[in-house]
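*Asks:* Mind having a look at this structure? Questions to follow.
The values are calculated or read from the model by the stated rules, or taken from the named source; none is laboratory data. Note that the coordinates shown come from a computational prediction; the quantities given were computed from them, not determined experimentally. All Cβ positions, glycine included, derive from the backbone under ideal geometry; neighbour counts span all protein chains shown. Just so you know, the surface numbers come from the protein's heavy atoms only, side chains and all, with ligands and any DNA or RNA stripped out. Shrake-Rupley method; radii C 1.70, N 1.55, O 1.52, S 1.80 Å.
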Amino acid sequence: MSLFNRYIGVDYSGAETPTSSLKALGVYFADRTSPPIEILPTVGLKKYWTRRSLAEWLATELSSEQPTLVGLDHAFSFPLRYFETHGLALDWNAFLNDFCHHWPTDDDHNYVDFVRDGECGEGYKRMGHSSWLRLTEMWTPTAKSVFLFDVQGAVAKSTHAGLPWLRYIRNLCPSVHFWPFDGWEVPTGKSAVIEVYPSLWMRRFPTEDRNNDQQAAYAVAAKLKRADSDGTLPQLFSPPLNREERTIAEIEGWILGVT
């Protein structure tokens, strides 16, 4: 029996400002009976999604009574070493609050690079090293550090731009399950938000006429739908980690499908 009714795949982008229309910000939506289709902003908004409009739309979708699974393509937390270096409590909610205070990348006119360069915020007080990896990234040969900026395939900018919007959605949708921080099992009937790495699945589905960003979002929605329908999703929610590794992942987060 399927756990969810709807599946949303997002290929994220940390470019420009939260209100910039970004062609690279891709969204695909599927339900139990229909294949993934691309979702664009509604009439009257900008041509492409902005991070702000996407967060507002996701909050609306997650507030519905339809159990929905959302896969976002950026890290949800930082390596344990970051917490230790900055003396932070090992608590994800506290981490999000602390990060947003120092990295206000959700302000309408802020670029991630503005905070990096010291033009706004206090990011210099909450920096990490590009060699620091989360456990889930150590298990993924091609994954990069959340502190490795300005290289091909980097997730650092997307992560630093996206974290405040996780807090935004969490505040507006308190019943939504953020995996694995709220537990490794998603309660029946609840919606959930998970971290994904589209490269794990992109080649499993025909590209057709989609560009790379579209294919990434499509593959996430298609994989989540398939895994739920064939009964393998619970296995993905329970990676083969020992007790110590699970404790670490409950702080650092985990990429769905990494084993």
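*Asks:* So for the pair residue 122, residue 2, with labels modelled 7 Å out along Cα→Cβ, what separation do we get in nm?
*Replies:* Roughly 4.7 nm, to one decimal.
*Asks:* Cα gyration tensor of the range 129-253, axes a ≥ b ≥ c as square roots of the eigenvalues: rounded (a/c below 1.5), prolate (a/b > b/c) or oblate?
*Replies:* Cα axes put the range 129-253 in the rounded bin.
*Asks:* Moving on. List the residues, sorted by chain then number, that are 5 or more residues from residue 192 or on another chain and whose placed amide H is less than 5 Å from its amide H.
*Replies:* 68, 69, 70, 177
*Asks:* Order 190, 23, 223, most accessible first, counting only protein heavy atoms with a 1.4 angstrom probe.
*Replies:* Result of the area sort, largest leading: 23, 190, 223.
*Asks:* Straight-line reach from residue 46: which aspartates and glutamates have Cα under 16 Å away, leaving out those fewer than 8 places along the same chain?
*Replies:* Of all the aspartates and glutamates, those that pass the test against residue 46 - Cα under 16 Å, at least 8 places apart if same chain - are 16, 38, 56, 108.
*Asks:* In whole Å, what is the distance between the alpha-carbon centres of the range 203-234 and the range 244-259?
*Replies:* Rounded to whole Å, the Cα centres lie 22 Å apart.
*Asks:* Another question, then. Quick check on the range 59-156: take the gyration tensor over C-alpha atoms, sort the square-rooted eigenvalues as a ≥ b ≥ c, and tell me if it's rounded (a/c under 1.5), prolate or oblate.
*Replies:* Since a/c stays below 1.5, the shape of the range 59-156 is classed as rounded.
*Asks:* Right, here's the next one. Counting other Cβ atoms within 10 Å, which trypsin sites (Lys or Arg not before Pro) in the range 42-126 have at most 13 and lie in a DSSP loop?
*Replies:* 46, 47
*Asks:* Now a separate question. Under 13 Å from the Cβ of residue 83, count the other residues' Cβ atoms, weight Lys and Arg +1, Asp and Glu -1, and hand me the total.
*Replies:* Overall, the nearby charge balance is -2.
*Asks:* Along the range 121-127, what does the Karplus equation 6.51 cos²θ - 1.76 cosθ + 1.60 (θ = phi - 60°) give for ³J(HN,Hα), rounded to whole Hz, x for Gly and Pro?
*Replies:* Going residue by residue, I get x, 9, x, 4, 7, 9, 9 Hz, with x marking Gly and Pro.
*Asks:* Same structure again: Over the heavy atoms of residue 25, what accessible area does a 1.4 Å probe trace out, to the nearest 10 Å²?
*Replies:* 10
*Asks:* Related question: At 7 Å along Cα-to-Cβ for each site, give me the label-to-label distance between residue 203 and residue 37 in nm.
*Replies:* Taking the simple label geometry, residue 203 and residue 37 are separated by 3.1 nm.
*Asks:* Residues of the chain: accessible area per residue at 1.4 Å, in Å²?
*Replies:* 46
*Asks:* How charged is the neighbourhood of residue 211? Take every other residue with its Cβ under 12 Å from the Cβ of residue 211, and add Lys/Arg as +1 and Asp/Glu as -1.
*Replies:* Charge balance in the 12 Å sphere: -3.
*Asks:* Further question: Largest first, how would 130, 191 line up by accessible area (1.4 Å probe)?
*Replies:* Final ranking, largest accessible area leading: 130, 191.
*Asks:* Additional query: Can you list residues whose amide H is under 5 Å from residue 255's amide H, if they're 5+ apart or on another chain and H is modeled 1.01 Å from N?
*Replies:* When sequence neighbours closer than 5 places are left aside, there are no close amide H contacts.
*Asks:* Return the sequence-ordered ³J(HN,Hα) values of the range 204-216 in whole Hz as given by the Karplus equation 6.51 cos²θ - 1.76 cosθ + 1.60 applied to θ = phi - 60°, using x for Gly and Pro.
*Replies:* 7, 10, x, 6, 6, 9, 7, 7, 5, 5, 5, 5, 4
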